[in-house]
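The values are calculated or read from the model by the stated rules, or taken from the named source; none is laboratory data. As the structure is a prediction and not an experimental result, all values here were calculated from the model. Note that each Cβ is placed from the backbone with ideal geometry, even for glycine, and that neighbours are counted across all protein chains shown. Calculation scope for accessible area: heavy atoms of the full protein, side chains included, ligands and nucleic acids excluded. Shrake-Rupley method; radii C 1.70, N 1.55, O 1.52, S 1.80 Å.
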Amino acid sequence: MMNRLLLLLLLLPLQLCAQEKTVVNSKMIGVGATRLLDTYLSPEHYSGTEVRFIDHTIRQKPLHHWSTEIVHQGYISQSKPRSKDATEVGGMYSLGWGRHYNWNFLDGALDVRAGGMGELNLGFLYNTRNSNNPAQARVGISVSPSAAATWHFRLWNRPFHLGYELSAPLLGLMFSPNYGQSYYEIFTRGNYDHNAVVTTPFSAPSMRHLLTLDFTLWKTTFRVGYMGDYQQSEVNEIKYHNYSHLLVVGFVKKFSVGKLKIEN
């Protein structure tokens, strides 16, 4: 009985520690160029500027190989055609949730994770020149394989973290009017015409990647990097793409949640 009690007392701190979660959260602002095409609104390409906010969180329990990733993104863009006689204003909110398996290499200097992400997108595109069908809704869900790697190194006696993430939708479902179909027909008259469309890499080949460098100054970890977001589709005889090239800056916080005041 005494041996069991001693064993329980020895294992209890480890069990309580295992309940902790390490959280790495980064908040970033991205600014850069965007290039748009939506043939439902216009056959012309529109080029302009995009501003994006990104909230990126990774949660993982100590000694566990699986981690959870949650990503919130929201952007607004303004673009014009070559003639400069019109403006397209676009906006999008995205919520991503993923699970990844984690590996450590080179004595912890290299972290690699791979798994999948589910994403919900809600957005719009408005053309100031159009009087008939001036706006387009962007609504969709998708499942994407994703992978990431982080290299930890020191330079000038300071810690640095170089990271890269990549995801590409494999299967999804999106809303789209059919060619020549108005929103009045869809929502007022209830004329459905293949408006919920299954997407694959053949009909919607898209990709998003992010390259970042984290460094610490004045006890704060900053992040700088590049995001390339290439979203495109061709469904219901309507071509769409949105190519974004963004410089991102922000900061990173790492902390633990669920920590109990019992130490080994």
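Rounded to the nearest 10 degrees, the angle from helix 2-18 to the longest Cα principal axis of the chain is 30 degrees. Within region 213-248, the trypsin sites (Lys or Arg not before Pro) that combine a DSSP coil assignment with at most 12 other C-beta atoms in a 10 angstrom radius are 219. Largest first, the residues 110, 41, 63 sort by 1.4 Å accessible area into 63, 110, 41. Measuring nothing but protein heavy atoms, the accessible surface of region 197-261 at 1.4 Å probe radius is 65 percent carbon and sulfur. When the P(r) is computed for region 167-229, the part past 16 Å accounts for 66% of the Cα-Cα pairs. Computed from point charges on the beta carbon alone (+1 for Lys and Arg, -1 for Asp and Glu), the dipole magnitude for region 31-158 about its Cα centre is near 200 Debye. Rolling a 1.4 angstrom probe over the protein chains, ignoring ligands and nucleic acids, what is the accessible area of residue 84 in square angstrom, nearest 10? So the heavy atoms of residue 84 present about 140 Å² to solvent. Computed extension length for residue 198-residue 253: 16.0 nm, one decimal, from 0.36 nm per residue of separation with the Cα-Cα distance subtracted.
Shown is the FRET efficiency for residue 131 and residue 45, computed with R0 = 22 Å from the Cβ-Cβ distance and rounded to the nearest 0.05: 0.55. When a 1.4 Å probe is rolled over the protein heavy atoms, the share of accessible surface on region 19-79 that falls to carbon and sulfur comes to 61 percent. Using a probe radius of 1.4 angstrom, the carbon and sulfur fraction of the accessible surface of region 136-179 is 73%.
Ranking 122, 89, 191 by Cα position along the charge dipole of region 70-193, where only Lys, Arg, Asp and Glu carry charges on their C-beta atoms, puts 89 farthest toward the positive end.
Solvent-accessible surface of protein heavy atoms, probed at 1.4 angstrom with all chains present, puts 188, 22 in the order 188, 22, largest first. Taken along the Cα-to-beta-carbon direction at a fixed 7 Å, the label points for residue 173 and residue 70 span 2.4 nm. Pairs of Cα atoms nearer than 8 Å and 6+ residues apart set the relative contact order; for region 41-183 it is 17 percent.
For the chain, the Cβ-based charge dipole about the Cα centre amounts to some 1000 debye (Lys, Arg positive; Asp, Glu negative; other atoms uncharged). Extent of region 81-162 along its three principal axes (Cα atoms, max minus min coordinate, largest first): 62, 33, 16 Å. A viscosity of 1.306 mPa s and a temperature of 10 °C, combined with the Kirkwood radius over Cα pairs in Stokes-Einstein, give a translational diffusion coefficient for region 38-184 of 87 µm²/s. Surface calculation, 1.4 Å probe, protein heavy atoms: residue 141 sits at approximately 90 Å² accessible.
Scaled to the globular estimate 2.2 N^0.38 Å, the Cα spread of the chain, given as radius of gyration, is 1.26. Of the chymotrypsin sites (Phe, Trp or Tyr not before Pro) found in region 195-230, the ones in coil according to DSSP and having at most 10 other Cβ atoms within 10 Å of their Cβ are 202, 218.
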